[in-house]
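Structure first, then comments.
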Amino acid sequence: MAEIGVGLVGYKFMGRAHSNAYRQVARFFEVDPAPRMMALCGRDEAGVRAAAQQLGWEGYETDYHRLVARDDIGLVDVATPGNSHKEVVLAALAAGKHVLCEKPLANTLDEAREMLAAARAAGPGVVTMVNFNYRRVPAVQLAQRLIANGTLGEIRHWRAVYLQDWINDPEFPLVWRMKKELAGSGALGDIAAHILDLAHFIVGPVAEVVGTMNTFIKERPLEVASGGGSGLTAEAATEKGPVTVDDATTFLARFASGATGTFEATRLAPGRRNYNSFEVNGSNGSLVFNLERLNELRVFLADDPEGMQGFRTINVTEPAHPYTGAWWPAGHILGYEHTFVHAIKDLLDGIKAGTSPAPTFEDGFRCQAVLDAVERSVDSGSWEKPAEA
Ligand code: SOE
């Protein structure tokens, strides 16, 4: 079996999730090439050396320029905060490497446009993908299929929320996700981007939006040191600094298909740890997904017999369901980390076939364009259309 050398930039929360995926993918799926974990990259030598050892990388680099120049690396994975996506991705593409980039593609629409142009210019032999990992939840795949094959009829409503509470405490420090220069935006780019990508995957393109964005907690203690494993913990200093992104964003959408959509994303919803949920209503039925119960899809079909109607809960772990047959017997459930393994599996298949798997950089740009339209609508107070590439 062929191998492809992988270089991963970033070793915090996403770096750990991606590392785990590279370690596991060839153990459960038939992939060709199989990934070889050549080097982890980060600026702090002591930190990256320790992480490389813990996460199973053969070596490390402290400069991404050196990483992308290595002949033994064919795939560069970018799992850093958004402010460095563009420069690393452009360098990797210029070196002819395949690229996986964490979501959202970029911090601004202009950056996303430049990255898309570079991916197109790199030619069809260079595979690129954006890691919106929730597309790879088996229940989400089933939802998409039920809509694509017409089971739900004409789609009228998309209703999605992504609710978290990890920054609800005003004493939680000002980590990079709350700084515009590093993250681009707050709840909008961090988590609304996910439900928007899911909407694009399941319902189709969003044609126009109108939204609100709020920053309820305007300053926070500075961060003493970045947190460990989960990436969503940190130690607070006494000095404070301004929060420069949104805590919460909501928007209404009209889809190109004529369906309507609502989106709400907040990191200030006490008790909601990682509540990424959507409901779709079609002329012939409805479906409901909730990430906190990710092995299940709830489906209502209007043509079920009278007296027997109601939401059924499908445990999406049968061999017939996407990805799950490669893991465990039916009913032996999957978790968050499997979504990353599935993404890497599809990426490796794409590399073999010479085609970029979805979400492509086009998809990443389209998502960014809607995020940008939401921000414009907050300023203009009116409906705004996403820009074209
Ligand atoms: C923090 O809000 C975060 O880790 C996001 O950055 C991820 O994209 C999301 O999947 C989980 O929450």
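Read the figures in this text as sums done on the coordinates, not as results from a lab. As the structure is a computational prediction, the values presented were derived from the model and not from experiment. Because the Cβ atoms are built from the backbone with ideal geometry, glycine has one as well, and the counts that use them run over all protein chains shown.
Of note:
- Across all Cα atoms of the stretch 1-116, the radius of gyration (one decimal) and Dmax (whole number) stand at 13.5, 40 Å.
- Taking the Cα centre of the stretch 157-310 as reference, the dipole from Cβ charges on Lys and Arg (+1) and Asp and Glu (-1) amounts to some 220 debye.
- As a calculated quantity, the FRET efficiency between R312 and A69 at R0 = 41 Å, using C-beta atoms, amounts to about 0.15.
- Rounded Å value of the spacing that divides the Cα centres of the stretch 293-355 and the stretch 193-208: 19 Å
- Cα→Cβ-extended label distance, 7 Å offset, between A236 and F216, nm: 1.6 nm
- 3J(HN,Hα) along the stretch 353-358: 7, x, 10, 7, x, 6 Hz, from the Karplus curve 6.51 cos²θ - 1.76 cosθ + 1.60 with θ = phi - 60°, whole Hz, x for Gly and Pro.
- Relative packing of peptides 334-345, 20-31, 236-247 - highest average C-beta neighbours within 10 Å first: 334-345, 20-31, 236-247
- Sorted largest first, the spans of the alpha carbon positions of the stretch 213-352 along the three principal axes are 63, 36, 33 Å.
- When +1 charges are put on Lys and Arg Cβ atoms and -1 charges on Asp and Glu Cβ atoms, the dipole computed for the chain relative to its Cα centre reaches about 280 debye.
- Antiparallel bridges, percent of DSSP beta bridges restricted to the chain (to nearest 5): 60 percent
- Phi angles of the stretch 25-36 translate, via the Karplus equation with coefficients 6.51, -1.76, 1.60 and θ = phi - 60°, into HN-Hα couplings of 4, 6, 7, 10, 10, 7, 10, 8, x, 8, x, 10 Hz per residue; Gly and Pro are given as x.
- Distance between modelled label sites at E292 and A326, nm, 7 Å Cα→Cβ extension: 3.0 nm
- In plain terms, the chain from T62 to R120 could stretch by 18.0 nm, reckoned as 0.36 nm per residue minus the Cα-Cα distance.
- Amide proton proximity set for S356, modelled H, under 5 Å, gap of 5+: T128
- Signed unit charges on C-beta, dipole axis of the stretch 238-373, positive-most listed residue G335, A256, L297: G335
- Annotation for the stretch 28-105 versus the stretch 132-183: alpha-carbon center distance of 25 Å.
- Evaluating 6.51 cos²θ - 1.76 cosθ + 1.60 at θ = phi - 60° for every residue in the stretch 304-315, the Karplus couplings come out as 5, x, 4, x, 10, 7, x, 6, 9, 10, 8, 7 Hz, glycine and proline recorded as x.
- DSSP finds beta bridges in the stretch 149-299, and of those with both partners inside it, around 85 percent are antiparallel.
- For D246, the residues whose amide H sits under 5 Å from its own are G186, A187, L188, ignoring neighbours fewer than 5 places away on the same chain, with H placed 1.01 Å from N.
- For G285, distant residues with modelled amide H under 5 Å away: A302
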